[in-house]
Amino acid sequence: MNITQLQILAAVVETGNFSAAALQLDLSQSAVSRAIAALEDELGVVLLSRGRFGARPTRVGERVLQLAQRMLQLHDSIVHEVNLEKGLQGGHLRIASFRSAATHVLPPRLALFRQRCPGVSVSIIETDPQGVEQALREGKVDIGLLPLPRSEEFDTWEITRDEYVVLLPSTAHPLGQPLTWAQLSRYEFILYNYAECTTAVRQHWATARQELKVAYEIKEDSTIVSMVAQGLGAAILPRLAAVPIPPEVAAHSLPIPLERVIGAAILASALQVPSVFAFLDVLRQTAPEVRATG
C-alpha cells in the first residue's frame, strides 16, 4: 500500500462516493476506483460498501480508516519536518505559464504545493510561450509551464498531454462518430494563430497530404469557439484551449491523433532555490492526471 491509496480511501469516505472524491483530489474516477481495488486486493478485505447511495466503509474499513488517518497525519508531520530542513517555510516561488495551462493544469498542482509548503508565497505571470521563455532567461521567474520540446538551454519535465480536437457546430456531425479526412475537406477552418499551434496543425495536415482551407486566423481561443458556434467555420484547438465548450459546439477527435506536450521548464544554468525542486516534485507526482471536460 502507499500514501496515495490511503489519501484516496479517506477522500471517498469523507465525500461519500467515488466521483466526488475524484473531483476533490483532481483525479479521474477510474483512477480512484483502481486505487481502492488495489488496496482491497492487497489487504484481502472489502473496505467500502458500494451501492446506489454511494460508498460507505465496512466494519473493517472503519478500523483501517482510523489507522490510515493516523498514518496520513504522520506523513504530513514528516513532510513538515523535511520542509523545515530544506528551508521551505519561507521564500517566494515565481511561475510563468501560458493561458490554458494556467487555467486548467496549474491550479490543482498549486493547491497541493501550498498544502505542503504553506510558508512559501507564489506569484504567477500569464503570457505566451515565448514570453515564458524570456522570463526564464531574464531571471524574472523560477519555473515556466509551456509546450515541449524547448531548446537545450532549459531543463524540462513533461506534465501532461493535450489532444487537438476538431470543433464543429453540435448539429454538424454525430458525436462519437469518427471524422474522416474527406469530411474535413468540406470545411473552411478558423485557425488558432498562437505560438506552436499554427505550425503543428499545418504540419499535421501536410503529413496526411490533406489541403487545409483557412478562412480566418484568430489569436483568441474563446473567439474561435464563438465563431464555430455561429457556423462561421470549423476549428482545430488543443482541448484545454477550447474548454469550456458551449452546447452549440462539439469537439471531435482528428482522423489521425495529434497532441501537444505540456511541461515545466527551468533555466539549466541557473541556481535554484529549494521551493523550485519542491514544486517540481509536485508536478512529477501529479503528472499522469489532467481532467478537462467539454
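Observations on the structure shown:
- Which numbered condition Gln69 misses (of (1) at pLDDT 90 or above; (2) touching an Asp or Glu at 6+ places or on another chain (Cβ under 7 Å)): (2)
- Enumeration of residues in region 1-21 that are small (Gly, Ala, Ser) and more than 10 Å from Arg56 (Cα to Cα): Ala10, Ala11, Ser19, Ala20, Ala21
- Failed condition for Ala234, given (1) open to solvent by 10 Å² or more (accessible area, probe 1.4 Å); (2) small (Gly, Ala, Ser); (3) touching a residue at least 60 places away in the same chain (Cβ under 8 Å): (1)
- When each of Ser33, Ser77, Ser97, Ser28 is tested for being closer than 26 Å to Arg239 by Cβ, without any contact (Cβ under 8 Å) to a residue 24 or more places away in the chain and open to solvent by less than 70 Å² (accessible area, probe 1.4 Å), the lone residue that passes is Ser33.
- Residue match in region 11-18 (condition: among the aromatic types (Phe, Trp, Tyr) and within 30 Å of Thr160 (Cβ to Cβ)): yes
- Failed criterion for Tyr194 (all others in (1) open to solvent by less than 10 Å² (accessible area, probe 1.4 Å); (2) closer than 30 Å to Ala235 by Cβ hold): (1)
- Only one of the listed residues (Ala251, Ala268) is open to solvent by 10 Å² or more (accessible area, probe 1.4 Å), in contact (Cβ under 8 Å) with a residue 12 or more places away in the chain and within 30 Å of Leu88 (Cα to Cα). That residue is Ala268.
- Residue check, Leu136 touching a residue at least 24 places away in the same chain (Cβ under 8 Å) and either touching a Leu at 6+ places or on another chain (Cβ under 8 Å) or part of a loop (DSSP other than H, G, I, E, B) (or both): yes
- Test result for Ala10, part of a helix (DSSP H, G or I), open to solvent by less than 40 Å² (accessible area, probe 1.4 Å) and closer than 17 Å to Leu112 by Cα: yes
- Of the residues in region 119-130, at least one is acidic (Asp, Glu), within 20 Å of the chain's Cα centre (by Cα) and either modelled with pLDDT under 95 or in the same structural domain as Leu237 (by the TED database) (or both).
- Scanning region 151-182 for residues that are surrounded by 15 or more Cβ atoms within 10 Å (Cβ to Cβ) and among the hydrophobic types (A, V, I, L, M, F, W, C), we see that the one that is nearest to Arg99 (Cα to Cα) is Ile159.
- Looking across Leu148, Leu106, one residue alone is open to solvent by 20 Å² or more (accessible area, probe 1.4 Å), among the aliphatic types (A, V, I, L, M) and under 20 Å from Ala241 (Cβ atoms). It is Leu148.
The values are calculated or read from the model by the stated rules, or taken from the named source; none is laboratory data. As the structure is a prediction and not an experimental result, all values here were calculated from the model. In this analysis, Cβ positions are derived from the backbone assuming ideal geometry, glycine residues included, and neighbour counts consider all displayed protein chains. Each accessible area value is taken on the protein alone, full model and side chains, heavy atoms only, with ligands, DNA and RNA left out. Shrake-Rupley method; radii C 1.70, N 1.55, O 1.52, S 1.80 Å.
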